[in-house]
Amino acid sequence: MVKLSVVGMLRRSLVHRRARSFSALIAMTVSAGVATALLTLYADLDAKLHKEFRSFGANVVITAPPSSPFRPDALARVRQAAGPDALAAEFGYAVATTDTGTPVVVSGTDFAAVKLLDSWWQVDAWPDATAANGALIGQRAAQFVGNEHAVGLTYAGHSVTLQGVGRIKTGGDEDSRIYMPLAAFTSWTGVGPSVIEVQVPGGAARVEATMARLRQELPDMQVQPVRQLVEGESKIVDRTHALMYGAVLLIALTVAVSVLATLSASVLERRRDFALMKALGGSQGQLMGMFLLEALVLALAGVAAGFVVGSAAAWAISEENFHTATLPHISVLPLVFLLNVAIAAMAALLPLRVLRGLQPAALLKGE
Amino acid sequence: MFFRLLMESFLRQRRRKMLAGVAILLGTTAVTAMLALATTIGDRIHKELAVYGANIVVYPKADLLDVKVGGVDVKPASGGAYLEESDLEKLKGIFWANNITGVSPELRLNDQARPIDSNEASFPVSVVGMWFNHAFGSLKTGTSQLHPWWRLDGRWPLAEPDSNHWEVAVSSALAKKLNLQIGSKFLMRRLASLEGGGYTAAYVTGIVSTGDQTGMDVLVPLPVAQAIAGKENAVSRVEISARTKPEDAFARVDPDSLPPKQREIWYCRPYANSIAYQIREAIPGAQAEQVRRVEQSEGNVLSRISGLMWLISAAALLAAGFAVSAAMATAILERRGEIGLMRSLGASKGAIAFLFYTESGLLAIFAGTLGYLLGSGLAAWLGARIFAGDGGSAQAVLIPVLLPVVVALALVVAIAGSTPSIRAALRMEPSAILRADA
């Protein structure tokens, strides 16, 4: 008589009912795949959303009081304190008179930094970095300018002629202003930068911490959050987070229960095997171990396949929606594994309670 | 006979029916809840995004430039153009009037203030006339709705044109400068009676922290500001918050350059640009612009979040579809013996298939409807929990359109899921099935 090993029985059981094993494997793969995809997306969600909020521009404004202007290294120190992924731009403001005699706010700034920081500005052409007198003219300010290509401005008796390169349109205060390079602005008006706008990525906690560092770094300056941005961002990210959490639970539950139903049906179907083994002298514990082992093997295979499929799905969703890739997170693997094993164990053990009460003889007779 | 078989099958095999039924129920619940949330997420997030303030501003076309630096407005006092407050009623008549969720007009004046009990020199302040919880159609709107990030200690001032003092709210910077508390008074110059530069007492009902720590603002009800300026009905700027569709390439074209048909399509889409265009048409002399910082970024965030919800809904649909079809397949596979028996008793393949499909269909319709109700309830509960405290959060999420969609999906998935098993069972020899089972 051939001695039956556990491995041999397992292999026979899986191979013999190939269709059944295959459908159970697919069920486990789907549950692991869905769990992996959702958890991976969930893990990356906050970072991705915070990135979207960067398009709102600066969330911290540092203002120099009129009595003490910024020191020359202020911007560098802000950049250092805020971290490498923060954006910062400095602005100087002065009220000048145009050639038509209208007062207008002229602002000196670094166009390259502003272009990154204020992505909502609609500018038809940005001035060349090398052009010392290239200016952007607000769409309302443009109505009070004689010749846009040679804008004559006067400030405290000094006059300057700027070359308007493009118009800007924002629907905000910027529409009534003229922007020019900071170096030319300072040499014309003698006024240095008085405002640094900073965009700190991340949620309210990170903004708070950065502001504390900025206050320490620049003790005389006013460091203020743009309150609506900081509050709004945290609120929306939190709510989307909660929504996603609800969705993850809901979908995981659906898949888990369906998989449970499918798997336990397949165990129930094997009442006859159960009865036969029992009749041949298998103990309750041995049989339970056998069923469990089989379910665990399937669960494990499901996790391996599901992780690959789920990571691919998360990557596709992320690429489609956020236009940035989400790389597979190994960290979700233990949770997915635990979830799948729990489902498999439950699927194997639940029907056993039904089976335990059955008499092998009655079952084998077909009653 | 057919109905008896059907009845008996449902009555006798309750456990098996339960399994498949629960799978369908849960699947449709998840899908309904996700779809209901995905369809309402736009409105909900829009409400959240309202904290960013107005997305459309209206100002007089002939107005001078704003000359504002560091919170101080140095715009010349004379020569400014104004809109008429009474014209705001016309906003209710524009095509997308129902999408307007907030209106806040303001009249900004440069004025002088000084403390009440000393002879200190007066200093410049901005007087801003505003609406405070003003009834506008069915909306209660005004400053606090358009600036939800402002914090008010005390209450908003009331307009009492007859009394010998004005009720005002002051910005925190001004309160600090004059050491004002709620209930204290200071003096404000009356612009309308310039002879002698008469001062009137201002009674502080509230202190507003706007997040800007420099502005010397005195907020008064709009009629009071109009009285101070001696310009009845005047408004210098209107902020409008409107529900809009995120901007796409079509939204950016100039409507006047489009052929009439295209222009009509453009006009009838709730783009910020279209709404601004309609406001320009409705209010004479007005220039309406989208506030790009708010509008562009909002559109961005909105489309990302709702896109995410739709994709997750699709994933839920896929997972639920798979789960249901797997459960159906199992349920049929278990009943191969029955099929064999029926065939050996002379039932045609068509009749058996019909019986099984009817069973699946009935189950799908019943469990699907139940799942729809459960899912709608779940979506309402989740929505209310997550978006609590937004006022209209208790809104029902019973979307009737979803019912046929969800039930049809359940039907299709259940039938598609049972088909392979039914076909496989029918293909086998009845005797083989019966013997295998014996």
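Each reported figure results from applying straightforward, stated rules to the coordinates on display, with no laboratory input. Because the structure is a prediction, the values reported are computed rather than measured. With ideal geometry, Cβ positions are generated from the backbone for all residues, glycine too; neighbour counts draw on all protein chains shown.
Points worth noting:
- Considering helices alone, the calculated mean residue ellipticity of the protein assembly as shown at 222 nm is -17500 deg cm²/dmol, with DSSP H runs of length four and up weighted by -39500 (n - 2.57) and normalised per residue.
- Mean separation of Cα contacts under 8 Å (6+ apart) over length of the range A:59-225, as relative contact order %: 37 percent
- FRET efficiency estimate (nearest 0.05) - Cβ-Cβ, residue A:206 to residue A:158, R0 41 angstrom: 0.45
- Net charge dipole size for chain B [Lys, Arg +1 and Asp, Glu -1 on Cβ; Debye, nearest 20]: 2340 debye
- Rounded to the nearest 10 degrees, the inclination of helix B:2-12 to the longest alpha-carbon principal axis of chain B is 70 degrees.
- Taken about its Cα centre, the protein assembly as shown carries a charge dipole of about 4960 debye when Lys and Arg each add +1 at the Cβ and Asp and Glu each add -1 at the Cβ.
- Three-way shape call for chain A based on the alpha-carbon gyration tensor, with the a/c threshold at 1.5: prolate
- Cα-Cα separations in the range A:105-159 greater than 16 Å, expressed as whole percent: 50 percent
- With R₀ fixed at 51 Å, the C-beta to C-beta distance from residue A:330 to residue B:431 puts the FRET efficiency at about 0.45.
- Cα-based helix-to-principal-axis angle, B:349-386 vs chain B, degrees rounded to 10: 20 degrees
- Here the range A:18-54 and the range B:119-156 have alpha carbon centers that stand 49 Å from each other.
- Of A:86, A:275, A:295, farthest towards positive along the dipole that unit charges on Lys, Arg, Asp, Glu beta carbons give chain A: A:275
- Percent of Cα-Cα distances greater than 18 Å, calculated over the range B:310-362: 46 percent
- Seen against the Cα atoms of chain A and their longest principal axis, helix A:227-268 is set at about 10 degrees.
- Packing-based order for A:285-296, B:323-334, using average beta carbon neighbours within 10 Å, highest first: B:323-334, A:285-296
- Residue-count net charge about residue B:133 - beta-carbon cut-off 11 Å; Lys, Arg +1, Asp, Glu -1: +2
- Inter-chain shielding of A:28-34 (mean C-beta neighbours from other protein chains, 10 Å cut-off): 3
- For B:323-336, mean number of other protein chain Cβ atoms within 10 Å: 5
- The tail of the calculated P(r) for the range A:59-225 beyond 25 Å holds 33 percent of all Cα-Cα pairs.
- Distribution of pairwise C-alpha distances over chain B, 20 Å bins, in %: 21, 35, 22, 15, 7, 1
- In nm, spacing of pseudo-spin labels at residue B:348 and residue B:184 (7 Å Cα→C-beta vector): 9.7 nm
- Sites residue B:369 and residue A:350 - FRET efficiency at Förster radius 25 Å, r taken between beta-carbons, to 0.05: 0.35
- Gyration tensor analysis over the Cα atoms of the protein assembly as shown returns equivalent ellipsoid semi-axes of 69, 28, 24 Å (largest first, whole Å).
- Magnitude of the charge dipole for the range B:55-290, about its Cα centre and with charges confined to Cβ atoms of Lys, Arg (+1) and Asp, Glu (-1), is about 400 debye.
- Spatial offset of the range B:231-255 relative to the range A:270-344 amounts to 54 Å, using the alpha carbon center of each.
- Farthest toward positive dipole pole in the range B:1-71 [+1 Lys/Arg, -1 Asp/Glu at C-beta], among B:33, B:22, B:2: B:2
- Entries of B:92/B:245; B:90/B:261; B:47/B:92; A:48/A:235 with Cα pairs more than 22 Å apart: B:90/B:261
- By the compact-protein rule of thumb, 2.2 N^0.38 Å, the alpha-carbon radius of gyration of the range B:55-290 corresponds to a ratio of 1.10.
- Residue mean of other protein chain beta carbons inside 10 Å, B:295-306: 5
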